[in-house]
Amino acid sequence: APPECPFCGEAAAGELEEHVRARHGHLLGAPGTGNGEQLYECPMCSLTCINIQILEEHVDLHLEEHNFSEGGNIRDLELAQHLQTEEHERQRSEEKREREEFKKLQRQYGLDNSGGFKQQFLKNLEREVDRGRMQPFEYHKRKADMMESLASGIDDGKTKTSGIIEALCKYYQNENKDVKRVWLSAGVDHFHSSLGDRGWGCGYRNFQMLLSSLLQNSFYNDCLRDTTLIPSIPKIQSMIEDAWREGFDPHGASHFNNRLHGSKAWIGACEIYSLLTSLRIKCQIIDFHKPTGPVGTHPRLFEWILRYYSTDSESGAKVVCTSKPPIYLQHQGHSRTVIGIEEKKNKSLCLLLFDPGCSSQEMQKLLKQNSDGTAVKLLRKFVGSLKEKQYQIVAVDGVLSLEEKAARCRASQVLTSEKIP
């Protein structure tokens, strides 16, 4: 904008000095005149005034303009500093929230270095004594049993229930209500969480269930010659670490910093696959990565499991006790074991599941012959009951040669599961 005249306030179209001399020359001293009058020169623009009052007004206008400009600069600087401070605080708040979320996830998935099976077991034992639920002599006995189990690497069997498949076979022979056919897996023991793995041990307990079935099948004797008894959870953790050291699933191993033993880390389908394959047990991961039915259901999951159990089973009997191992079933936050599937008279399907969260006391009810099937309801899951966004299964289907195992180890370095479209 053109400068304003300090005398009349108008905008000077050209040079300010020319405007002032043309309009207000009578107030100024002509340069180079020698008339003897006292002239006053502006220290800011070198204009000369004929008296001190005019000079003061002129200089005041300079100062007002300068202060206005300075004030604008100060306000701009203050605004910039304020915005910078706000952004800094927002970043600090975001970083703090991310750290807290990360720590929360570490705690949730057992990666917070808070100890593993042994530490949790002892802590919960002490808590039981403090609450009066356990006598000191029982505490010392349970502690000694746990230490012996850890030393041997063998599960103590205190959470195991056997004989359920046989009891179910008898139950279905006499069931005449709404089951048209039922397929059951080979014999399998149920294992539930203990004081040492409550809240995080479901993946390990489901592996114990699957392994208990494989150990009863002579077809797998050769690849399980070094694993004749059910390992404890810390031992299973070491076995998975051994599989990682062989080269299985390096990406998954890095997620756990190549360490499970001594932690409460959750495991999932990939760790089960790596462990089984390292034992030369042929298996596959099937990923049901999105719902395939109405209201978020997964009917294709049920259909796949039906084909798994019914293939190679030409018997037209109502109850088919197959030689197929149970299936490991994983979804976000939990895993279970599929031990069979029902086909109802109305053609609907119903899975039969072992849940590690179910206690021995509840599972033992299945061993009693109950004609009304109340206890069996504990195992049933219909299509409308499984509505997680994604499911994965690990299904066993044979034995690997050493060459096949090596090939799968190489392939697992870019491990991808088969996705059902």
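Using a 1.4 Å probe, how large is the accessible area of LEU47, given in Å² and rounded to the nearest 10?
10
Please report the net charge: other residues with Cβ closer than 14 Å to the Cβ of ILE233, K and R +1, D and E -1.
+2
Step through the table entries LYS158/LYS389; LYS345/LYS389; LYS282/LYS318; LYS123/LYS365; LYS118/LYS389, compare each Cα-Cα distance with 32 Å, and write down the pairs that go over it.
Table pairs above 32 Å Cα-Cα are LYS158/LYS389; LYS118/LYS389.
With a sphere of radius 15 Å drawn around the Cβ of GLY293, what net charge do the other residues whose Cβ falls strictly inside it have (Lys, Arg +1; Asp, Glu -1)?
Every neighbour counted, the sum reads +4.
Roughly speaking, to the nearest percent, how much of the range 158-419's 1.4 Å accessible area is carbon and sulfur?
The value for the range 158-419 is 49 percent carbon and sulfur by accessible area.
Can you tell me which of 212-220, 190-198 comes out highest on packing, and rank the rest after it, using the mean Cβ neighbours within 10 Å?
190-198, 212-220
Accessible area per residue for the range 158-419 in Å², computed with a 1.4 Å probe and the full protein assembly in place, what is it?
I get 43 Å² per residue for the range 158-419.
Roughly speaking, what is the stretch gain from ALA80 to SER323, that is 0.36 nm per residue apart minus the C-alpha to C-alpha distance, in nm to one decimal?
Once the chain is fully extended between ALA80 and SER323, it gains 80.1 nm.
With a/c under 1.5 counting as rounded, go ahead and sort the range 158-419 into rounded, prolate or oblate using the C-alpha gyration tensor (a ≥ b ≥ c being the square roots of the eigenvalues; past the cut-off, prolate if a/b is larger than b/c, else oblate).
prolate
For the range 288-320 and the range 142-184, what is the separation of their Cα centres, given in Å?
23
With a sphere of radius 13 Å drawn around the Cβ of VAL319, what net charge do the other residues whose Cβ falls strictly inside it have (Lys, Arg +1; Asp, Glu -1)?
Around VAL319, the charge tally is 0.
If you place +1 on the Cβ of every Lys and Arg, -1 on the Cβ of every Asp and Glu, and leave all else neutral, what size is the dipole of the range 158-419 about its Cα centre, to the nearest 20 Debye?
For this selection, approximately 700 debye.
The values are calculated or read from the model by the stated rules, or taken from the named source; none is laboratory data. Please read all numbers here as calculations on a predicted model, not as lab measurements. Don't worry about glycine lacking a Cβ; one is built from the backbone with ideal geometry, like all the others, and counts go over all protein chains shown. Ligands, DNA and RNA are stripped out before the accessible areas are found, and what is left, the full protein with its side chains, is counted by its heavy atoms. Shrake-Rupley method; radii C 1.70, N 1.55, O 1.52, S 1.80 Å.
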